[in-house]
1. Being part of a loop (DSSP other than H, G, I, E, B) and more than 27 Å from residue A:115 (Cβ to Cβ) is the filter here; which residues of segment A:204-255 pass it?
2. Only residues that are facing chain B (nearest Cβ under 9 Å) and not charged (D, E, K, R): list them for segment A:26-41, please.
3. If you check every pair at least six apart or on different chains, which have Cβ atoms under 9 Å apart with a residue in segment B:188-208 that is over 24 Å from residue A:82 (Cβ atoms) and more than 14 Å from chain A (Cβ to nearest Cβ) first and a residue that is open to solvent by 70 Å² or more (accessible area, probe 1.4 Å) and of a type outside the set (A, V, I, L, M, F, W, C) second?
4. What's the number of the condition residue B:115 fails, among (1) more than 30 Å from residue B:222 (Cβ to Cβ); (2) more than 14 Å from every other protein chain (Cβ to nearest Cβ); (3) touching an Asp or Glu at 6+ places or on another chain (Cβ under 9 Å); (4) not in a loop (DSSP other than H, G, I, E, B)?
5. Only one of B:238, B:218 is part of a loop (DSSP other than H, G, I, E, B) and among the aliphatic types (A, V, I, L, M). Can you tell me which?
6. Please find, among A:328, A:313, the residue that is within 16 Å of the chain's Cα centre (by Cα) and within 24 Å of residue A:79 (Cα to Cα).
7. May I ask you to verify whether residue A:157 is in a strand (DSSP E or B) and surrounded by fewer than 18 Cβ atoms within 10 Å (Cβ to Cβ)?
8. Here's a check for you: in segment B:61-80, which residue that is within 14 Å of chain A (Cβ to nearest Cβ) and not in a helix (DSSP H, G or I) is nearest to residue B:109 (Cα to Cα)?
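The values are calculated or read from the model by the stated rules, or taken from the named source; none is laboratory data. Quantities reported herein were computed from a predicted structural model and do not represent experimental measurements. Every residue, glycine as well, gets a Cβ built from its backbone with ideal geometry; the counts of neighbours run over all protein chains shown. SASA here: full protein model, heavy atoms, side chains in, ligands and nucleic acids out. Shrake-Rupley method; radii C 1.70, N 1.55, O 1.52, S 1.80 Å.
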Amino acid sequence: MTCEDEGNHYGFTLSDELIMIRNQVRRFMREEVKPIEDKLPHDATHCSPEDEARLRGVAEDMGLGRLNVPPEYGGQDNDCLIRCIVNEEASKCRLGGYRPALGAIRRGPPNVIWRGTDEQIHKYGIPCVEGDMTGYMAITEPTGGSDPRNNIQTRAVKKGDKWILNGRKMWITYAGDSDWGVLFARSKESENGRPPEITAFIIEPSFPGISFEKIPVIRPLYPYEIVLEDCEVPEENVLGEIGGGFGMAEHWLVAGRMPYAAGCIGMAQEALDMACGWVKQRDSQRGILADKQAIQWMIADSEVELQAARMLVYEAAAMSDRGENAKVHASVCKLFGTETAFRVVDRAIQMFGGMGVAQEMPLERWLRELRIKRIGEGPSEVHRMVIARNKLKNTDGGVYFG
Amino acid sequence: MKVLVPVKRVIDYNVKVRVKSDGTGVETANVKMSMNPFDEIGIEAALRLKEAGSAEEVIAVSIGVAQCQETIRTALAMGADRGVLVETEEGAEPLAVAKILKAIIEKEGPEIVILGKQAIDDDSNQTGQMLSALLGWSQATFASNIELGDGTADITREVDGGLETIKVKLPVVVTTDLRLNEPRYASLPNIMKAKKKPIDKMSPADLGVDMTPRLKTLSVVEPSKREGGVKVESVEELVEKLRNEAKVI
């Protein structure tokens, strides 16, 4: 990434290395992923285990198996921009919304696990990198997820050498299909005006008192509700400090937003590119669709908005890689990336007409996925709130209203 | 033993090529460029020789505009050890390229040179053959398999009607066919490492090569557009059209 040269800001130019990585992922998508995907039903949530294993093998050889993993465990530091570049390309498939490259590129464990004890890292973290273990994060509850500190009603009470958890979690993707999860619960009520304490626990599906229920939603991959009824969690499964859960939840949430936005931009870019191919061959009254101003404006607006969205992602990712606090920039790119992507796919469907909503095309599926993306990982309105508060806090009237 | 692989920067094979409006050539402005796919096969073949212990060093050479450096970087990211860039104007002709390669080969002393059988932009299929003639080396074109022996190589060639295996003496100029191998992906760590590998830069004048063009392009035109088909009413009509219009029966 070159964004500064001798202290002068020249805007963003991706380094040759990042462009090469992007080209490699594009080739991988075209040559390895697409032929497998072509054989899957429209709403498939995964490919066969054999195909996934083969794809993973190739992705592993490409060095894409350890993204978002610290250097001690075979990954590298500060790879947020790399993850964004990879995720944008890997999301350009029908399952791209949540299984980039059909699962070839591992999700990796939730990054908070690397803040655990050596024992926790070896038991839960490393098997997600070396083996087939998977993990998830459980923050949101029926009372909401936008204000975790106050929304979290699940209670954790210490009894002997165990913690007893009671409560419910909602909309937790992958929960019922994973080997473990990091679940956040209130371990101390608010007192004397101080906010309640939140603690993170590593939970396994085999723990007594835990159950999972699928919640059917607009997309084929259903999230889960988790019910905890006197669920017993061993003391050694507390992740991080008791009462230190909120900071950890935020660490995970912020780091995920840039690649999340990048993936949405990938799907939308592909939708726009598909639409360009279509309008150049579609006859309409007096000429082809591509000659109509109504179509050209949709294409121009979409292209401009996608370029802008991508720059916002790069900027936030580069900040994060430099070790700066990228929280507000992450909200900016998540808000604009997901909203833009939805709008662009919607326009692409409009350009395709009836074919746009046909299951022969990935477009209607992407639209459904992208509808969720405007809610998941913090709804647009919450990010606007973060951005507005920050702006108001730091801005007092400019030069003319000082 | 050193293996030298020339790599050409060409329009990416997924790009739809367009002829310039003045008919002097094809449009390359803002067009994605990448390594000629046959040269990628050449790099892969060289890397496999190195991995098998038959070669010590793989050198990637590109001849052309300054951006050919990106093509060399791709070869380095795949695993080549170092690069040589000979900067020229666009459109060096096969004979000039072969002469430049000869000069580099005399400096570097490789025993095997692996070229693509042709570049997908001009489809000349000449450079490898010219190079072996200029060097007076053995030549094995359209290779689909390479087996190294003691001072010799058994090369399987894809010829009309089947496969032909020839034994050649080293040093040899090999040109690759599509089925020689499937080139690897450049891995993330190797892409990062490629930055540190050296690329020597030189000009044709440094090598004493005369680049004067011997060929003149008269015009470049797009292939004629395919005309839409028609539906026929009956088998008789179909047969009539096949016989009198298409003249195929």
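1. A:215, A:216, A:217, A:218, A:219, A:220, A:221, A:222
2. Once the filter is applied, which keeps residues that are facing chain B (nearest Cβ under 9 Å) and not charged (D, E, K, R), segment A:26-41 yields only A:28.
3. Going by the 9 Å Cβ cut-off, the qualifying pairs are B:201/B:87; B:202/B:87; B:203/B:87; B:204/B:87; B:204/B:210; B:207/B:107.
4. The one condition residue B:115 does not meet is (1).
5. Details: B:238 fails: part of a loop (DSSP other than H, G, I, E, B).
None of the others qualify; the one that does is B:218.
6. Of A:328, A:313, the one residue that is within 16 Å of the chain's Cα centre (by Cα) and within 24 Å of residue A:79 (Cα to Cα) is A:313.
7. Here the answer is yes, as residue A:157 does meet what is asked.
8. Taking segment B:61-80 as the starting set, the residues that turn out to be within 14 Å of chain A (Cβ to nearest Cβ) are B:66-80.
Now narrow it down to the ones that are not in a helix (DSSP H, G or I): B:66-67, B:79-80.
Values: B:66: 25, B:67: 26, B:79: 20, B:80: 16 Å.
So the residue we want is B:80.
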